[in-house]
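Worksheet: one structure, shown below.
Each reported figure results from applying straightforward, stated rules to the coordinates on display, with no laboratory input. Note that the structure is predicted; figures quoted are calculated from it, not measured. Cβ: placed from backbone, ideal geometry, glycine included. Neighbour counts: every protein chain shown.
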Amino acid sequence: MSFAAAVLVHLGCPRKMERGECEIFLREFLGDEYVLGLPFFLRKFLAWRIAKKRAGHFSEMLKSCAVNTEAFGLLPASLFHVKNLAEKLSAHLGMGVFEAGVYGGENLASLRRKMGAQNLLTGKILFIPCYPQAASSTVFPAVREIERNFKGVDFKIAECYAGMPEYARAIANSVLEKNEKFDAVITSFHSVPKPQLKIFDYESECKKSHFEIRKKLENFRVELAYQSAMKFGKWIGPDVFGVARKLAEEGAKSIAVVCPGFFCDCIETLVEINGSLRSEFLKSGGEKFSYINCLNSSSRQLRLFAEIIKRESFL
């Protein structure tokens with residue numbers, strides 16, 4: 001099976017990095033039934049309240065992580081990398097590769113209009129959700145929006161790629177290329193509320209990825225942790241801040257942290273891990289903290305996604 005085009009599907013970004021647009025984006029994202037699994041009116045109220053409260057801070061964090069390039073202008077890091085990767089894949093594979101978010105401005109609805117206007121919907125389209133591990137709060141909204149906006153189009157949705165050996169190898173090699181002897185390496189995944197595990201066993205997928213990466217880092221102590229849990233409800237753990245503090249208390253002076261659940265760098269990796277966690281570890285007695293960047297739009301990510309497209313053409 002050959003594909004006429006491929007689409008990298010990601011969470012999305014606000015139309016602009018200003019407070020008002022960030023509030024709209026947060027309200028849309030948090031108001032999704034798959035993200036906050038609450039009754040309609042309570043979910044919408046909480047989404048409105050949280051968006052109102054956090055939009056300013058979210059805007060500042062996006063700006064602090066922005067990348068300014070001649071090709072794309074000023075963009076949040078995550079949006080820059082997905083656009084850059086799509087262009088690289090298109091040139092590498094000789095086919096159209098696009099990107100679209102589930103939420104925000106450049107979403108799947110706007111992509112459908114763009115591709116339709118250019119008569120690009122006549123062949124089979126491959127959609128690749130950019131989430132290595134499948135969680136109901138990420139994959140379900142992506143599938144829903146693909147099906148909603150591409151009715152009448154011949155398409156296929158790629159499976160998540162946590163089990164691909166190329167994925168674990170790429171993550172492990174990004175640690176090994178530092179050529180340093182760390183006292184420990186932490187693999188940090190995004191936490192989810194425990195009730196979501198009844199729908200999709202995301203925790204098992206994270207553990208599977210962790211174990212595969214750990215096997216390839218056999219000369220290191222590798223710890224599993226989770227990040228970005230909200231303050232309400234029960235979320236999966238252990239929390240990455242607690243794991244880093246415990247390592248420091250046990251005498252670890254040098255650690256590396258990699259985030260294999262994130263397709264590319266974003267606020268959660270650049271601010272929460274490389275900023276807040278770094279400070280916490282050093283304050284707890286650690287001496288050296290190395291943040292290992294996500295695969296982003298690197299040659300490793302390019303090869304990985306080229307392999308995903310090749311794999312899907314044979315499934």
*What FRET efficiency, computed as 1/(1 + (r/R0)^6) with R0 = 35 Å and r the Cβ-Cβ distance, is obtained for L46 and A4, rounded to the nearest 0.05?*
0.25
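Below 8 Å, C-alpha to C-alpha, sequence gap of six or more: please give me the relative contact order for the chain in percent. Walk me through the numbers on the way to the answer.
Details: 530 pairs, mean separation 64.4, N = 315.
With pairs under 8 Å counted, the relative contact order is 20 percent.
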*Taking only DSSP H segments of four or more residues, each worth -39500 (n - 2.57), what value at 222 nm results for the chain once the sum is divided by all its residues, to the nearest 500 deg cm²/dmol?*
-14000 deg cm²/dmol
_Alpha-carbon Rg with Dmax, taken over the range 257-299, Å_ = 11.1, 36
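Can you give the extra length, in nm with one decimal, that the chain gains between S284 and L197 once fully stretched, where that is 0.36 nm per residue apart less the Cα-Cα distance? Can you show the working numbers first?
Numbers: separation 87, 0.36 × 87 = 31.32 nm, distance 3.26 nm.
The span from S284 to L197 would gain 28.1 nm if fully extended.
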*Length-normalised contact order of the range 165-292 in % [C-alpha pairs under 8 Å, at least 6 apart]*: 33 percent
*How far is helix 240-249 tilted off the main Cα axis of the chain, in degrees rounded to 10, range 0 to 90?*
20 degrees
*How big is D for the range 199-287, in µm² s⁻¹ as a whole number, if Stokes-Einstein is applied with the Kirkwood radius of its Cα pairs at 4 °C and 1.567 mPa s?*
92 µm²/s
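More than 16 Å apart: what percent of Cα pairs in the range 221-270 qualify? Walk me through the numbers before you get to the answer.
On the way: 577 of 1225 pairs.
Roughly 47 percent, once rounded to a whole number.
Just tell me the longest site-free run in the chain, where the sites are chymotrypsin sites (Phe, Trp or Tyr not before Pro) in a DSSP loop having at most 16 other beta-carbon atoms within 10 Å. Present the calculation step by step, with values, prior to reporting the outcome.
Working: sites that count: F72, F232.
Longest run free of exposed loop sites: 73-231.
Sort L304, L42 so the one with the fewest other Cβ atoms within 10 Å of its own Cβ comes first. Write down the numbers at each step before the final one.
Working: L304 20, L42 10.
Fewest-to-most Cβ neighbours within 10 Å comes out as L42, L304.
Arranged by the count of other C-beta atoms within 10 angstrom, fewest first, what order do R214, R19 take?
On the way: R214 18, R19 15.
So the residues, fewest neighbours to most, are R19, R214.
Would you kindly state how much longer the chain becomes between L93 and S276 on full extension, computed as 0.36 nm times their sequence separation minus their alpha carbon distance, in nm to one decimal?
Numbers: separation 183, 0.36 × 183 = 65.88 nm, distance 3.89 nm.
62.0 nm is the gain from fully extending L93 to S276.
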*What is the Cα convex hull volume of the range 38-86 when expressed per residue in Å³?*
96 Å³
*Orientation-averaged projected area, Cα convex hull of the chain (nm²)*: 16.4 nm²
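Among DSSP bridges having both ends in the chain, what percentage is antiparallel? Round to the nearest 5.
Working: 5 of 38 bridges.
Percentage antiparallel, nearest 5: 15.
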*What are the trypsin sites (Lys or Arg not before Pro) within the range 220-296 that DSSP puts in a loop, where the Cβ has at most 16 other Cβ atoms within 10 Å?*
R221, K231, K234, K253
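Take the Cα pairs of the range 82-219, get the Kirkwood Rh, then feed it into Stokes-Einstein at 20 °C and 1.002 mPa s and tell me D in µm²/s.
124 µm²/s
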*asked:* For the pair D154/N68, report the inter-label distance in nm, with labels modelled 7 Å from Cα in the Cβ direction.
replied: 4.6 nm
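Give me the tail of P(r) for the range 27-125 as a percent: Cα-Cα pairs with distance above 17 Å. Working shown, then result.
Values: 3226 of 4851 pairs.
Everything past 17 Å amounts to 67 percent.
Pick out, in residue order, every one of the GluC sites (Glu not before Pro) in the range 178-241 that is DSSP loop and has at most 10 other C-beta atoms within 10 Å; say none if there are none.
Working: sites: E180, E203, E205, E212, E218, E223; in loops: E180, E218.
Sites meeting the loop and neighbour criteria: E218.
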*If one takes the longest principal axis of the Cα atoms in the chain, at what angle in degrees, from 0 to 90 and to the nearest 10, does the Cα axis of helix 165-176 lie?*
40 degrees
*In what order do I171, I125, I309 fall by count of nearby beta-carbon atoms within 10 Å, going from fewest to most?*
I309, I125, I171
